[in-house]
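The values are calculated or read from the model by the stated rules, or taken from the named source; none is laboratory data. These numbers come from a predicted model, not from an experiment. Ideal geometry is used to build each Cβ from the backbone, glycine not excepted, and the neighbour counts take in all protein chains shown.
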Amino acid sequence: MSLLERSSAYWKFAGQCAQCGSCTKACSSLTNNDVTLGQIAQMMLAAERASSTKEELAAAIRANERLVKAVRGCFFCTTCKNTCFAHNDVCDLIYSARADFQNLGLIEPDSWIGVQVDKEWDTFTAYRAIYGIGYPDQIRHVLTTTHEPESDCDIAFFPGCALTAYGSELTVEIFDAIQELGGKTTLIDHCCGSPLKSNGFYDRAIALCDLIAEEITFSGAKQLVCVCPGCANAMRTTFKRNGITDVEIISLPKFLNDHGFEPKQKLPDGKIFLSKACQDRDGSYLEETSKLLGIDMDEAAIYHGCCGAGGAVSSYDPERQQKRTEKKLSFATDDSTVVSMCPTCTYTYGSYLLEKPRPINNKHYAELLFENQFD
Ligand code: SF4
Ligand code: SF4
């Protein structure tokens with residue numbers, strides 16, 4: 001048996017890479033470590049060839065600082081993929097490397113112990129327990145203290161882990177609006193598994209998404225409304241893998257546009273900066289949000305790239321994460337409002353601005369549409 005569990009992913013990647021170097025130029029981490037994505041695959045295979053046991057393999061990888069830094073410093077932003085003529089799948093490569101790192105004990109437990117989002121307790125459920133946040137009336141498809149499991153729902157609403165924890169009143173307000181506009185709704189209060197993938201628990205993330213898909217199927221919902229583009233992408237892949245074709249995945253802004261929703265508040269004064277999420281690959285969240293808020297996309301200031309939260313880089317190299325957040329926020333002028341598509345971006349900017357205050361109004365798009373706000 002191969003010492004690397006994901007060796008087929010490295011063989012495939014190495015075989016498809018022409019070593020043109022475009023990905024290196026597109027990424028500060030690859031540039032700093034003077035490595036191409038194809039070389040990451042090659043270095044994983046070379047370490048395996050030079051080792052006879054898992055312990056030797058772990059030591060060989062640990063000794064290769066460039067390899068470790070490039071694998072652990074990836075935000076999964078896919079900027080490099082956009083420059084690759086072969087469209088080589090960086091996420092498949094780095095998720096595989098992280099999974100092998102995890103199997104070999106190369107990812108320290110401190111970085112993932114709090115984000116095991118398929119277990120009973122993680123950062124988000126602990127926060128919810130401390131502040132007494134539960135959704136017994138909204139989670140209809142499972143047995144709760146107030147009702148039997150219900151399987152006659154029209155819509156499943158998926159706010160994502162950050163919003164359910166840090167914006168409970170906002171979550172309920174959005175839930176009520178969806179129900180009023182589209183019919184009987186149930187709440188999916190799980191995480192999409194992104195922190196598991198980032199920390200090398202790829203198979204557990206897949207199992208979690210499969211469980212979510214089962215719950216949605218049981219609920220009877222024919223539409224899944226997602227607040228975050230990352231959750232929508234994860235569920236799209238999951239539905240495809242499970243052959244689920246009768247549930248439409250729709251972004252919250254598109255759902256609201258389709259139903260003629262009117263924002264509950266006026267746009268803030270001052271310039272608006274739209275922060276594109278790296279998971280919003282086709283820009284559809286940005287487009288539908290701009291339409292809802294009445295922002296002219298041709299005139300809007302849009303800025304791209306990861307906010308710094310992707311890939312759990314903060315737990316390995318907090319300085320790289322800080323620099324990334326700083327760079328992205330540097331585009332926003334004082335007294336402007338930064339509008340994020342993903343709640344984790346809002347949270348990341350919020351944490352950064354607490355440490356290094358600037359007069360910037362930091363908002364998730366849902367906070368500009370509804371009355372309630374993030375905690
Ligand atoms: S996905 Fe982003 S961070 Fe990762 S290697 Fe590509 S450009 Fe660099
Ligand atoms: S851009 Fe694509 S083909 Fe070129 S080195 Fe990177 S992964 Fe290989």
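Of the residues making up segment 147-197, those that are under 14 Å from Y135 (Cβ atoms) and free of Cβ contacts under 8 Å to residues at least 24 places away in the same chain are H147, D176. Pairs meeting the criteria (first residue in segment 81-99 and free of Cβ contacts under 8 Å to residues at least 60 places away in the same chain and closer than 22 Å to A312 by Cβ, second residue among the small types (G, A, S) and near ligand 2 (Cβ under 7 Å from one of its atoms), beta carbons under 6 Å, at least 6 apart or on different chains) are lacking.
Looking at segment 224-241, is at least one residue outside the structural domain of T346 (by TED's automatic domain parsing), more than 30 Å from E5 (Cβ to Cβ) and in a helix (DSSP H, G or I)?
For segment 224-241, residues outside the structural domain of T346 (by TED's automatic domain parsing), more than 30 Å from E5 (Cβ to Cβ) and in a helix (DSSP H, G or I): absent.
In segment 210-222, the residues that are under 10 Å from A156 (Cα atoms) reach residues that are in a helix (DSSP H, G or I) with C-beta atoms within less than 9 angstrom, at least six apart or across chains, in these pairs: I216/M235; I216/F239. Restricting W11, W121 to those that are closer than 24 Å to P343 by Cα and free of Cβ contacts under 8 Å to residues at least 40 places away in the same chain reduces the list to W121.
Among S111, S96, which is the only one that is modelled with pLDDT of 95 or more and of a type in the set (G, A, S)? Steps first, answer last, please.
Values: S111 fails: modelled with pLDDT of 95 or more.
Testing whether each residue is modelled with pLDDT of 95 or more and of a type in the set (G, A, S) leaves just S96.
Here E65 fulfils each of the conditions (1) closer than 20 Å to Q321 by Cβ; (2) more than 16 Å from ligand 2 (Cβ to nearest atom); (3) buried (at least 18 other Cβ atoms within 10 Å of the Cβ) apart from (3). The listed residues are I174, I212, and the only one of them that is of a type in the set (V, I, T) and over 23 Å from E287 (Cβ atoms) turns out to be I212. A60 satisfies every condition listed in (1) more than 9 Å from ligand 2 (Cβ to nearest atom); (2) not in a helix (DSSP H, G or I) except (2). When restricted to residues that are under 25 Å from C192 (Cβ atoms) and either surrounded by fewer than 19 Cβ atoms within 10 Å (Cβ to Cβ) or of a type in the set (S, T, Y) (or both), segment 269-285 contains 6.
The numbered conditions (1) over 15 Å from the mean Cα position of the chain (by Cα); (2) modelled with pLDDT under 90 are all true for G305 except (1).
Taking the criterion of being within 16 Å of ligand 1 (Cβ to nearest atom), assigned to a helix (DSSP H, G or I) and not assigned by TED's automatic domain parsing to the domain that holds G193, would at least one residue in segment 103-122 satisfy it?
No, every residue in segment 103-122 fails to be within 16 Å of ligand 1 (Cβ to nearest atom), assigned to a helix (DSSP H, G or I) and not assigned by TED's automatic domain parsing to the domain that holds G193.
For segment 68-93, what are the residues that are among the charged types (D, E, K, R), closer than 20 Å to E5 by Cα and within 16 Å of ligand 2 (Cβ to nearest atom)? D89, D92 - these are the residues of segment 68-93 that are among the charged types (D, E, K, R), closer than 20 Å to E5 by Cα and within 16 Å of ligand 2 (Cβ to nearest atom).
Quick check: is even one residue across segment 258-268 in contact with a Gly (Cβ under 8 Å, 6 or more places away or on another chain) and under 24 Å from K81 (Cα atoms)? Checking segment 258-268: not a single residue is in contact with a Gly (Cβ under 8 Å, 6 or more places away or on another chain) and under 24 Å from K81 (Cα atoms). Listed conditions (1) within 26 Å of K323 (Cβ to Cβ); (2) near ligand 2 (Cβ under 9 Å from one of its atoms) are all met by M43, apart from (2).
Filter segment 189-200 down to the residues that are within 20 Å of D317 (Cβ to Cβ) and in a loop (DSSP other than H, G, I, E, B) and list them by number.
Result: N199, G200.
Of all the numbered requirements in (1) more than 15 Å from ligand 1 (Cβ to nearest atom); (2) at pLDDT below 95, E55 misses one, and that requirement is (2).
When P195, P149 are screened for being surrounded by 20 or more Cβ atoms within 10 Å (Cβ to Cβ) and not assigned by TED's automatic domain parsing to the domain that holds C74, only P195 passes. Taking segment 60-93 as the range and being of a type in the set (G, A, S) and touching a Ser or Thr at 6+ places or on another chain (Cβ under 8 Å) as the test, the residues that pass are A60, A70, G73.
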